[in-house]
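Participant: One structure coming up, written as structure tokens, with questions to follow.
Here, each number is a calculation from the coordinates, and none is a lab measurement. Quantities reported herein were computed from a predicted structural model and do not represent experimental measurements. FYI the Cβ positions are ideal-geometry reconstructions off the backbone, even for glycines, and counts take in every protein chain you see.
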Amino acid sequence: MIQYLDTSLLVAFLTDETKSADVDAWLRTQDQSAMAVSGLVITEFSAALSIKIRTRQIKESERAGFSNRFARMTTHTLSVLPVSDAHFKVAAQFAAHHELALRAGDALHLAIADSQGATLCTLDKRLAAAGPQLGVSTQLI
């Protein structure tokens, strides 16, 4: 089964965060050939690094190193799943469930994972809880 890794996991893995050690330990036990991301994760990872620079969690000079490590992962380790118009339509249906309080990006992650029959792996408790309510397998790390 495919494990779709959301941005929160990869940011924690590649930068210094509270959950970094937990994510590192978890990733070491996983089948790397079954791990995937999407183009959305690539965009969000870049945005997350920009936030970290603006909030002085990392230095601008460190960005290239983090970006290069991430690029190597998406080239050599992680499959990159395509994002289609159909994903956006399903994401809109998921986001319509107002009680789940899904952000647009989170709804899109769920739609992509759902289309692949993948388990969405995340550090986001709200996202992990919303998935099963929409019929999408999730795993909170």
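Participant: Per DSSP helix of 4 or more residues, -39500 (n - 2.57); summed, then divided by the residues of the chain. What does that give at 222 nm, rounded to the nearest 500? List each step's numbers first, then the result.
Facilitator: Numbers: 7 runs with 80 residues, N = 141.
Result for the chain, helices only: -17500 deg cm²/dmol.
Participant: Leaving out same-chain residues fewer than 8 places away, which lysines sit with a Cα under 18 Å from that of K125?
Facilitator: K19
Participant: Positive end of the charge dipole of region 3-140 (Lys, Arg +1 and Asp, Glu -1 on Cβ, about the Cα centre): tell me which of Q57, A91, T77 has its Cα farthest that way.
Facilitator: Of the options given, the answer is Q57.
Participant: With the Cα gyration tensor of region 43-103 in hand, convert its eigenvalues to equivalent ellipsoid semi-axes via √(5λ) and list them largest first in whole Å. Spell out each step's value before the answer.
Facilitator: Numbers: eigenvalues 170, 70, 11 Å².
One finds semi-axes of 29, 19, 8 Å for region 43-103.
Participant: Quick one: S8, S84, fewest Cβ neighbours within 10 Å first, how do they rank?
Facilitator: S84, S8
Participant: For region 87-141 and region 56-85, what is the centre-to-centre distance using only Cα atoms, to the nearest Å?
Facilitator: Answer, in whole Å: 22.
Participant: Using the Cα centre of region 3-140 as the reference point, and only Cβ charges (+1 on K/R, -1 on D/E), how large is the resulting charge dipole? Debye, rounded to the nearest 20. Don't skip to the end; give the middle numbers.
Facilitator: On the way: 13 positive and 14 negative charges, 72 e Å.
Dipole magnitude for region 3-140 comes out near 340 debye.
Participant: Considering amide H positions built from the backbone, and no H for Pro or chain starts, which residues 5 or more places from L120, or on another chain, come under 5 Å of its amide H?
Facilitator: Long-range HN contacts for L120: Y4, S137, T138, Q139.
Participant: Fewest to most neighbouring Cβ within 10 Å: what's the order for D85, D16, D6? Walk me through the numbers before you get to the answer.
Facilitator: On the way: D85 7, D16 10, D6 27.
Least crowded to most crowded, the residues run D85, D16, D6.
Participant: Could I ask something else about it? How do D24, D31, D106, D114 rank when sorted from fewest to most other Cβ atoms within 10 Å of their own Cβ?
Facilitator: Working: D24 12, D31 9, D106 25, D114 20.
Least crowded to most crowded, the residues run D31, D24, D114, D106.
Participant: Between 0 and 90 degrees, rounded to the nearest ten: what's the tilt of helix 39-54 against the longest Cα principal axis of the chain?
Facilitator: Around 50 degrees separate the two axes.
Participant: Sorted from largest to smallest, which semi-axis lengths in Å does the alpha carbon gyration tensor of the chain give for its equivalent ellipsoid, taking the root of 5 times each eigenvalue?
Facilitator: That gives 24, 17, 15 Å for the three semi-axes.
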